[in-house]
Amino acid sequence: MNKLLVSPSPHVHTSVSTQSLMRDVVIAMLPAALVSVLFYGWSEILILAVSVISCVGLEYLISKFLLKRPATICDLSAVVTGVLLALNVPPTCPWWVIVIGAIFAIGVAKMTFGGLGQNMFNPAIAGRVFLLVSFPTYMTDWTVPAGFIHATDAVSGATLLGAYAEGGVEAIKGINYLQTLFFNIGGSAGEISACALLVGFVYLLVRKVIRPHITLSIWGTVAVLALIFWAINPAKYPDPIFALLTGGVLLGSIFMATDYVTSPMSAKGGIIFGVGIGLLTVLIRYFGSYPEGVSFAILIMNATVPLINKYCHQKKYGRK
Amino acid sequence: MSKTFKIGGVHPHDSKFSRNCAIEVLPLPQTVYISMAQHLGAPAVPCVAVGDKVKAGQVIAEPAPRALSAYVHSSVSGTVKSIGPRKDIAGNNQNHIEILVEGDEWAEGIDLSTDLVTTIPTDRAEVLKKIQMGGVVGLGGATFPAHVKLNPPAGSKAECLILNGAECEPFLTSDNRIMIERSKEIVVGAAIMQMVLGGCPCVIGIEENKPEAIAAMNKAVSELGYPGISVMVLMKKYPQGGEKQLINAVMGREVGSGALPISAGAVVQNVATSLAVYEAVQKNKPLVTNTMTITGDCLPVEKQHNYLFRIGMPLSWIAEYAGGVPEGAAKVVSGGPMMGRAISNLDACTVKGSSSLLYLSEKTTKRAAQSNCIRCGKCAEACPMGLEPFLLNKLAKNGMMDELEANAVQDCISCGCCQFSCPACIPLLDTINIAKGQVLGILRARAAAAKAAAEAAKASQK
Ligand code: SF4
Ligand code: SF4
């Protein structure tokens, strides 16, 4: 008889692995990526390719040559960052800007902290914010390139949020929310279709990759705050549905705020985190100088996670 | 909607392949080796000598004096060949009595017939004595002497007797079989324990993946007609059969940290223990037999069994009888895959609490290489005690004892849910178990010091 294994219990293990979780996140982003390719065509394919390849390549090179340890690219977390970064830039963004974004996301925000699990900030958000600050012109060029589907029927031109920032409530009069739900041309790639993002959200919930607390508390907070402002002064502030469907709230709340590493552990902590993001998003939008507040809000709240974790614990059995 | 416990839990595949294998009686081997340490507490002290003739059911070891301990009986008739150390399943030396089997003669007064005795005795002290003299211990895993648990300290009152028929560990089916085949005896055992506890209601908790057992137990309960006994269907979720989780599922209460179940008004006994109580009290038959499952993911169903075994049978002999250790078995586990122990030594023998020979293939049981913690919180979500295993693991790695205590590592029930769930394959429980041992040591030392100080203060007052 062969030698028997003797390790302590448990003797069985779940089939869920880091890799399978990350694969599920990639799958959940596919509808949004697909829609962006349909509407933005070849340039979007290029962006996706450049972004994923540079993120994965950088992670490989850094772990192999700088950190001198086995590369962890098989866990697919770099692919997630790559797709997310691509969904976070405008379709006209030059390829080298994306490479710089990837260098910041993977090189600075992720690997200098020790790689997956050790980073304080979500790499894709960090990359996006870095680009937003460093290359504002490229990051807010909302020219619509030719896509595979002709988008005459879609809301087009500048992003809705940009239009609102410039022209106020007047500028966004008459937009059709039903249409926004399906295709809202002129945002960064990931913001085209609320519907595609929601499909991804449902997939993540069904596969039990994420819990709904964080995302829902962001939506709730944004909606309630927007409602208050709108009720006070409907001539100045847009309605809550507008606030939710535009400016990357969906993309950020579903895919970036829910990043395991950079969000709180407990459900209670997740709610505080989500409320914080919602609050900051609305405040930055209405009172800050950037029309788009989600990325900054998530980044700021990422920094509070250790503190939240310190004070928020789940209920223990048999203890108060 | 079937009931369950509120915090945590996991859903491993239940793999109850041997659920339909009726209980078969194992023949007798040539020799049995009966361990003195088959209960929680101090090992029993042999009261026979080499060369003595013994009968099955005869006391061969008495409880260690002034300690939590239990009687041990011979499971066979024959001659005592040796008394001395022998390795148990974990490879630790324990005192064993070796008996050469000759015939199958049982001690006097033991009723081996299958007639059901349904009259419940009324002398509480007498019944407790019989349970103690029968060497009955809890058969749900902890092997805690039953007469102690059934005799709550003065001032505490049992409000509910919970019979544990959850059998939440994957693969195991022995409880399922006894609930199907010996349901009435189990219910009589429950009625006896009800009487001992002062007539509290009794709830038999069974997971919903055992419909035949639920039907059989319901039938037995209604046919026997004892007052206050009912069957409760529980959701399939591990560790439903954990004492604290079962109390929460059945009564909606939580047992305070560090407290005993009786503080929440609960007494929990396994269905197999109830059967042993029945046999000890109604048939005078001490605990020398139990049921075990021969199963695994690399064993064809036709080779799986549920056996009625006698204590002291060598596992290798049972394995041989059942057709040998299957090709492809990388690990043999005694108990379930979540909390059972890997057997390093198949020459070890069955004890009162043996429940299985579980053969696991390398694919199922081999640990994958661990990677970075991705802080997904899945371990905390899974923990039925509401602990944060990722944190405990980190604190333990850094040897931070005070923080470990503050984060309740001592409440861990070693259920394995955390490690089972971790997508990064971090061996959380290995680390947590060690840390728990250290913190419990510190707590005990502190309690002892406090006691000594109190006594010293008392002495100086005099
Ligand atoms: S083994 Fe301990 S820490 Fe892990 S899930 Fe079970 S009770 Fe929680
Ligand atoms: S389950 Fe594993 S990876 Fe996830 S938080 Fe717990 S220890 Fe970390």
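Go over the candidates B:ALA259, B:ALA249 one by one and state the one that is over 18 Å from the mean Cα position of the chain (by Cα), away from ligand 2 (no atom under 16 Å from the Cβ) and part of a helix (DSSP H, G or I).
None of the others qualify; the one that does is B:ALA249.
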Residues being more than 16 Å from ligand 1 (Cβ to nearest atom) and open to solvent by 60 Å² or more (accessible area, probe 1.4 Å) - total across the stretch B:334-367: 5
What about B:SER18, is it at negative phi, of a type outside the set (Phe, Trp, Tyr), open to solvent by less than 10 Å² (accessible area, probe 1.4 Å) and in the same structural domain as B:GLY312 (by TED's automatic domain parsing)? yes
Of B:LYS436, B:LYS458, which residue is of a type in the set (Lys, Arg) and either within 10 Å of ligand 1 (Cβ to nearest atom) or buried (at least 18 other Cβ atoms within 10 Å of the Cβ) (or both)? B:LYS436
Residues that are more than 8 Å from chain A (Cβ to nearest Cβ), of a type in the set (A, V, I, L, M) and over 30 Å from B:GLN94 (Cβ atoms): does the stretch B:352-368 have at least one? no
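So for the stretch A:51-69 (the condition being within 23 Å of A:VAL294 (Cβ to Cβ), in the same structural domain as A:PHE130 (by TED's automatic domain parsing), part of a helix (DSSP H, G or I) and in contact (Cβ under 8 Å) with a residue 40 or more places away in the chain), does at least one residue qualify?
Yes, there is a match, as at least one residue in the stretch A:51-69 is within 23 Å of A:VAL294 (Cβ to Cβ), in the same structural domain as A:PHE130 (by TED's automatic domain parsing), part of a helix (DSSP H, G or I) and in contact (Cβ under 8 Å) with a residue 40 or more places away in the chain.
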B:SER414 - would you say it is more than 8 Å from ligand 1 (Cβ to nearest atom), of a type in the set (Ser, Thr, Tyr) and not assigned by TED's automatic domain parsing to the domain that holds B:ARG341? no
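In a helix (DSSP H, G or I) and without any contact (Cβ under 8 Å) to a residue 12 or more places away in the chain, is that true of A:ALA226?
no
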So which helices (runs of 4 or more DSSP H) are wholly in the stretch B:325-424 and hold at least 2 residues that are of a type in the set (Gly, Ala, Ser)? B:378-382
List every residue pair whose Cβ atoms lie under 8 Å apart, where the two residues are 6 or more positions apart in sequence or sit on different chains, the first residue falls within the stretch B:20-46 and is touching a residue at least 40 places away in the same chain (Cβ under 8 Å) and closer than 17 Å to B:LEU139 by Cβ, and the second residue, located anywhere, is charged (D, E, K, R) and part of a loop (DSSP other than H, G, I, E, B). B:SER35/B:ASP88; B:ALA37/B:ASP88; B:GLN38/B:LYS352; B:HIS39/B:LYS352
Scanning the stretch B:244-259 for residues that are more than 10 Å from chain A (Cβ to nearest Cβ), touching a residue at least 40 places away in the same chain (Cβ under 8 Å) and either within 20 Å of B:LEU172 (Cβ to Cβ) or open to solvent by 40 Å² or more (accessible area, probe 1.4 Å) (or both) gives B:LEU246, B:ALA249, B:MET251
Of (1) of a type in the set (Val, Ile, Thr); (2) within 11 Å of chain B (Cβ to nearest Cβ); (3) surrounded by fewer than 18 Cβ atoms within 10 Å (Cβ to Cβ); (4) in contact (Cβ under 8 Å) with a residue 60 or more places away in the chain, A:VAL6 satisfies all except one. Which? (4)
Residue list for the stretch B:291-327, restricted to those being of a type in the set (S, T, N, Q) and open to solvent by 20 Å² or more (accessible area, probe 1.4 Å): B:SER316
Within the stretch A:32-88, can you find the residues that are small (Gly, Ala, Ser) and under 21 Å from A:LEU116 (Cα atoms)? A:SER51, A:SER54, A:GLY57, A:SER63, A:ALA71, A:SER77, A:ALA78, A:GLY82, A:ALA86
Residue list for the stretch B:382-407, filter: touching a residue at least 40 places away in the same chain (Cβ under 8 Å), buried (at least 22 other Cβ atoms within 10 Å of the Cβ) and near ligand 1 (Cβ under 10 Å from one of its atoms): B:ALA382, B:CYS383, B:PRO384, B:MET385, B:PRO389, B:LEU392
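Conditions tested, residue by residue: (1) part of a helix (DSSP H, G or I); (2) more than 14 Å from chain B (Cβ to nearest Cβ); (3) free of Cβ contacts under 8 Å to residues at least 60 places away in the same chain.
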residue	(1), (2), (3)
A:ALA71	no, no, yes
A:VAL79	yes, yes, yes
A:ALA86	yes, yes, no
A:VAL97	yes, yes, yes
How many residues does the stretch B:416-430 hold that are open to solvent by less than 10 Å² (accessible area, probe 1.4 Å), under 15 Å from B:SER371 (Cα atoms) and within 8 Å of another protein chain (Cβ to nearest Cβ)? 2
I'd like to check something: does the stretch B:99-120 contain any residue that is of a type outside the set (S, T, N, Q), open to solvent by less than 60 Å² (accessible area, probe 1.4 Å) and in contact with a helix residue (DSSP H, G or I) (Cβ under 7 Å, 6 or more places away or on another chain)? yes
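The values are calculated or read from the model by the stated rules, or taken from the named source; none is laboratory data. For clarity, every value in this text was computed on a predicted model and none was experimentally measured. With ideal geometry, Cβ positions are generated from the backbone for all residues, glycine too; neighbour counts draw on all protein chains shown. Remember, those area values only see protein heavy atoms, side chains included, never the ligands or the DNA or RNA. Shrake-Rupley method; radii C 1.70, N 1.55, O 1.52, S 1.80 Å.
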